[in-house]
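Student: First the structure, then my questions, so here it is.
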Amino acid sequence: MKIILAKQAGFCFGVKRATQIAFEAAGKGGKTFTLGPIIHSPQVVQKLEEMGVKALENVAGMDEGTIIIRSHGAASDELEEAVRKQLDILDATCPFVKKAQEHVKNLSNSGYDVVVVGDADHPEVQGIVSYATGKVYVVASGEEAVNLPKMGKIGVVAQTTQSFENLRHVVDACLVKGGEIRVFHTICDATAVRQEEAKKLASQVDCMVVIGGYNSANTKRLAEVSAEIQPRTHHIEMAQQLDPAWFEGVKIVGITAGASTPKWIIDEVLEQIESIAKDKNR
Ligand code: SF4
């Protein structure tokens, strides 16, 4: 059985950076917390907990120590509270997310009503929205944007993981809503690149294994796009979940992993599949 690992499997730049910052801080000891789970990987969160770094929902209960801001960023009032409490802040916000937050702040301060394209329940979007000082709307699609009110000046930014097509549909809808419109392309291509590669790989193999947290939206999406092409697609979090029966009659297996899946988990899965392949060839 041949095994093909996607080139872009695993950590994106922002997640890699945030994880490094968190583990370095954990290694130094002291009272250190993350504001929310550092990334959407229960295994990484658990490892950090074992090193004494717990995830907090907010800084209300903290009066000293270090708070790490995750790659999704944080709400501006939460950061202000951390500053007011004189906590040590380790800001691991992905620079792409930071850019979106800055655009919202600048647009708002310049009198624009802001439209954020994204998922209103996602912490990254909630963080971005919090930088608006005036009116701000979150829309998930062009269809939703049709219901926006008339505005004067409109500024549009997108959640970093949105598709370019969706941003374009929202901008189309906004064109008839105001007299002036400014659009910032704040989309990061890490997610799109992984999805394109997963689609290509799924069309070349007999079985796909997608690795990543069940709470990771980008991993779930990877599994979905893969399953549309290769129905024998399995989404797992850990190597222990692999079932040898999945590989019956399989000549080529493809493996990919979400942007928040650590390399050590991918390596364990690879090892386990290699061992299943050896057993099959005996
Ligand atoms: S997907 Fe892109 S924006 Fe999000 S953390 Fe990764 S690199 Fe940053």
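The values are calculated or read from the model by the stated rules, or taken from the named source; none is laboratory data. Treat the numbers as computed from the prediction; the structure is a model and nothing was measured. Neighbour counts run over all protein chains shown; Cβ positions are idealised from the backbone, glycine included. Ligands, DNA and RNA are stripped out before the accessible areas are found, and what is left, the full protein with its side chains, is counted by its heavy atoms. Shrake-Rupley method; radii C 1.70, N 1.55, O 1.52, S 1.80 Å.
Student: Can you tell me which residue is surrounded by the fewest Cβ atoms within 10 Å (Cβ to Cβ) among those in the range 19-54 that are within 16 Å of the ligand (Cβ to nearest atom) and among the small types (Gly, Ala, Ser)?
Tutor: The selected residue is 36.
Student: It is to be established whether one or more residues within the range 104-114 are open to solvent by less than 60 Å² (accessible area, probe 1.4 Å) and under 28 Å from residue 30 (Cβ atoms).
Tutor: So far as the range 104-114 goes, no, none of its residues is open to solvent by less than 60 Å² (accessible area, probe 1.4 Å) and under 28 Å from residue 30 (Cβ atoms).
Student: Got at least one residue in the range 200-216 being of a type in the set (A, V, I, L, M, F, W, C) and surrounded by fewer than 22 Cβ atoms within 10 Å (Cβ to Cβ)?
Tutor: No.
Student: Checking residue 79 against (1) surrounded by 20 or more Cβ atoms within 10 Å (Cβ to Cβ); (2) more than 21 Å from the chain's Cα centre (by Cα); (3) not assigned by TED's automatic domain parsing to the domain that holds residue 164, which single condition isn't satisfied?
Tutor: Failed condition: (2).
Student: Condition first: in contact (Cβ under 8 Å) with a residue 24 or more places away in the chain, touching a strand residue (DSSP E or B) at 6+ places or on another chain (Cβ under 6 Å), over 18 Å from residue 126 (Cα atoms) and open to solvent by less than 60 Å² (accessible area, probe 1.4 Å). Can you find one or more residues in the range 8-18 that meet it?
Tutor: Yes; the residues of the range 8-18 include at least one that is in contact (Cβ under 8 Å) with a residue 24 or more places away in the chain, touching a strand residue (DSSP E or B) at 6+ places or on another chain (Cβ under 6 Å), over 18 Å from residue 126 (Cα atoms) and open to solvent by less than 60 Å² (accessible area, probe 1.4 Å).
Student: What are the residue pairs meeting all of these: first residue in the range 225-250, first residue within 16 Å of residue 203 (Cα to Cα), second residue part of a loop (DSSP other than H, G, I, E, B) and open to solvent by 30 Å² or more (accessible area, probe 1.4 Å), Cβ atoms under 7 Å, and 6 or more apart or on different chains?
Tutor: Note: pairs meeting the criteria are 229/203; 232/206; 250/1; 250/206.
Student: Given the criteria closer than 24 Å to residue 17 by Cβ, open to solvent by 10 Å² or more (accessible area, probe 1.4 Å) and touching a residue at least 60 places away in the same chain (Cβ under 8 Å), does residue 185 qualify?
Tutor: no
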